[in-house]
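Values quoted throughout were computed directly from the atomic coordinates according to the rules given, and no laboratory measurement underlies them. Note that the structure is a prediction, hence the values are computed from the model and not measured. Cβ atoms come from the backbone with ideal geometry, glycine included; neighbour counts cover every protein chain shown.
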Amino acid sequence: MSRPESFNRMLTAAAKIQLNIALILEAKAIEADKSRGWICNSLDISAYGDHAQQVKETMAVHDQLIGLIDGLSKLESALAKNLKIILNEKEEEEAMGGGGMGDLFNTGGGFN
């Protein structure tokens with residue numbers, strides 16, 4: 001497999017990962033909205049023994065969401081580093097007169 005084809009496959013995979021992350025975030029937003037509606041309409045202070053228990057349970061939900069957001073942020077950061085490496089190689093090759101990814105765009109081998 002040639003270098004431009006490898007870059008194309010890497011960028012296509014990164015785009016698919018981004019799409020899946022967007023779908024995960026969309027599903028989590030829908031889930032959070034449904035949970036908010038249920039909590040606001042169904043739970044009241046009598047559902048908990050005391051205020052400390054209510055705060056403890058809500059903090060557990062928030063910790064899960066923060067963990068999810070943190071994990072997705074780390075994944076996005078890693079993807080960004082990979083793309084920076086690819087783009088820096090492209091710029092270095094172009095500066096040295098090589099085609100690099102420029103061939104990918106000039107020869108009609110665009111992203112499909």
Open item on the list: Test of understanding: what is the full-extension gain from A52 to E76, defined as 0.36 nm times their sequence separation minus their Cα-Cα distance?
Closed with: 5.1 nm
Open item on the list: Quick check: pseudo-label points 7 Å beyond the Cα along Cα→Cβ at A29 and M59, how many nm apart are they?
Closed with: 2.9 nm
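Work out, step by step, the length gained on full extension between C40 and S6: first 0.36 nm times the residue separation, then minus their alpha carbon distance; give nm to one decimal. Present the calculation step by step, with values, prior to reporting the outcome.
Values: separation 34, 0.36 × 34 = 12.24 nm, distance 5.06 nm.
That pair, C40 and S6, stretches by 7.2 nm at full extension.
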TODO: Just order 36-43, 7-14 by mean Cβ neighbour count inside 10 Å, highest at the front, would you?
DONE: 7-14, 36-43
Task: lysines whose Cα lies under 24 Å from that of K74, excluding same-chain neighbours fewer than 8 positions away - done: K16, K28, K84
Task: Cα centroid separation, the range 52-93 to the range 2-27 (Å) - done: 16 Å
